[in-house]
Amino acid sequence: MTLFPEIIEAYCSQSITKRGIENGIITVNTYNPRDFSKDKHKKVDDTPYGGGEGMVLACQPIFDCYNSIEKIDKKEDFEFIMLSPQGEKYNQEIACKLAQKKQIVFLCGHYEGFDERIRIGLKPREISIGDYVLTGGELACLVLIDSISRNIKNYLGHDESAHNDSFSEGLKGLLEYPHYTKPREYMNMLVPEVLLSGNHKEIEEFRKQESLKRTKARRPDLLN
Ligand code: ADE
């Protein structure tokens, strides 16, 4: 649900997301609350009661838009997410869990915020992608669409598996090890010898150690 569906459509019509949609692994539909506004000028926002700056997204277009979406009844298969800087902080674990859902409705805000009765009445799960404020929820929504989809079976090709992504279970929540490709030497910088050895056990051990070393140096908080 977004006032700027073109932002979502532009991203989803490129690269791996495009392929995921074409292959029928995911479906992305956009719904514009403006289309549901009962105001004669299709207004979706208004000034805040009590005064103050900015505009607040009004209840009516959001409630009617939400209710127009055909949703799966079974609660465990469905999630309704509001993108908001006040939500729970997003991470890979949440992405993996959301990848199990059959259907997710995302609500993107814009302007100063939502009329609080949208939260009270529709009870969304609020998610934030970090401690900073975006102009709208669309970028955050795309972050979720992308990171959730990667964890859906058959979305990525075999060679692109998300199993060994940073933070993933395959790496036990650590940062990913460094990668190298051809040539073996570039501007006097060499590819570590072990990666050329063909010894899979040693390569695996090397990568595990590099993963650990990198996590210790950059994100010691993850080791706890
Ligand atoms: N909307 C505005 N800022 C946001 C954030 N940090 N995360 C999610 N949605 C947002």
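I want to confirm something. Restricting to the range 169-204 and keeping residues that are part of a loop (DSSP other than H, G, I, E, B) and touching an Asp or Glu at 6+ places or on another chain (Cβ under 9 Å), which single residue is nearest to Lys97 (Cα to Cα)? Step by step, filter the range 169-204, then rank; the result is Gly173.
When Lys153, Lys172 are checked against the criterion of being open to solvent by 100 Å² or more (accessible area, probe 1.4 Å) and either farther than 30 Å from Val28 by Cα or touching a Lys or Arg at 6+ places or on another chain (Cβ under 6 Å) (or both), a single residue qualifies: Lys172. Test Tyr66 against the stated conditions and say whether it is among the hydroxyl-bearing types (Ser, Thr, Tyr) and in a loop (DSSP other than H, G, I, E, B). Against the criterion (among the hydroxyl-bearing types (Ser, Thr, Tyr) and in a loop (DSSP other than H, G, I, E, B)), Tyr66 does not qualify.
The set of residues in the range 72-104 that are acidic (Asp, Glu), part of a helix (DSSP H, G or I) and farther than 22 Å from Ala162 by Cβ contains only Glu76. Taking Asn67 as the residue in question, decide whether it is open to solvent by 40 Å² or more (accessible area, probe 1.4 Å) and either in contact with a Leu (Cβ under 8 Å, 6 or more places away or on another chain) or within 14 Å of the ligand (Cβ to nearest atom) (or both). When the stated conditions are applied, Asn67 does not pass them. Check whether at least one residue in the range 119-137 is buried (at least 19 other Cβ atoms within 10 Å of the Cβ) and either more than 14 Å from the ligand (Cβ to nearest atom) or assigned to a helix (DSSP H, G or I) (or both), and report yes or no. Looking for residues that are buried (at least 19 other Cβ atoms within 10 Å of the Cβ) and either more than 14 Å from the ligand (Cβ to nearest atom) or assigned to a helix (DSSP H, G or I) (or both), one finds none in the range 119-137, hence no.
What about Val143, is it under 20 Å from Arg19 (Cβ atoms), within 9 Å of the ligand (Cβ to nearest atom) and either among the aliphatic types (A, V, I, L, M) or in contact (Cβ under 8 Å) with a residue 12 or more places away in the chain (or both)? For Val143, the condition - under 20 Å from Arg19 (Cβ atoms), within 9 Å of the ligand (Cβ to nearest atom) and either among the aliphatic types (A, V, I, L, M) or in contact (Cβ under 8 Å) with a residue 12 or more places away in the chain (or both) - is met.
In the list Ile21, Ile26, which residue meets the criterion of being open to solvent by less than 80 Å² (accessible area, probe 1.4 Å), assigned to a loop (DSSP other than H, G, I, E, B), farther than 23 Å from Phe114 by Cα and not hydroxyl-bearing (Ser, Thr, Tyr)?
Working: Ile21 fails: assigned to a loop (DSSP other than H, G, I, E, B).
When all the criteria are applied, what remains is Ile26.
For the residues Lys89, Lys75, Lys101, the requirement of being of a type outside the set (Gly, Ala, Ser), open to solvent by 70 Å² or more (accessible area, probe 1.4 Å) and under 14 Å from the mean Cα position of the chain (by Cα) singles out Lys89.
Each residue in the range 140-150 was checked for being open to solvent by 60 Å² or more (accessible area, probe 1.4 Å) and within 9 Å of the chain's Cα centre (by Cα), and 1 pass. Number of residues in the range 105-118 that are surrounded by fewer than 17 Cβ atoms within 10 Å (Cβ to Cβ) and either within 15 Å of the ligand (Cβ to nearest atom) or of a type in the set (Asp, Glu) (or both) equals 3. Taking every residue in the range 194-207 that is free of Cβ contacts under 8 Å to residues at least 12 places away in the same chain and pairing it with any residue that is part of a helix (DSSP H, G or I) and not small (Gly, Ala, Ser), at least 6 positions away or on another chain, the pairs with Cβ-Cβ distances below 9 Å are Ser197/Ile203; Glu202/Val194; Ile203/Val194; Ile203/Leu195; Glu205/Val194. Residues of the range 157-168 that are open to solvent by 20 Å² or more (accessible area, probe 1.4 Å) and either part of a loop (DSSP other than H, G, I, E, B) or within 12 Å of Phe106 (Cβ to Cβ) (or both): Gly157, Ser161, Asp165, Ser166, Phe167.
The values are calculated or read from the model by the stated rules, or taken from the named source; none is laboratory data. Model, not experiment: these values are computed from the prediction. Counting neighbours? That spans all protein chains shown, and the Cβs are built from the backbone with ideal geometry, glycine included. Side chains are part of the model used for accessible areas, which takes the heavy atoms of the whole protein and leaves out ligands, DNA and RNA. Shrake-Rupley method; radii C 1.70, N 1.55, O 1.52, S 1.80 Å.
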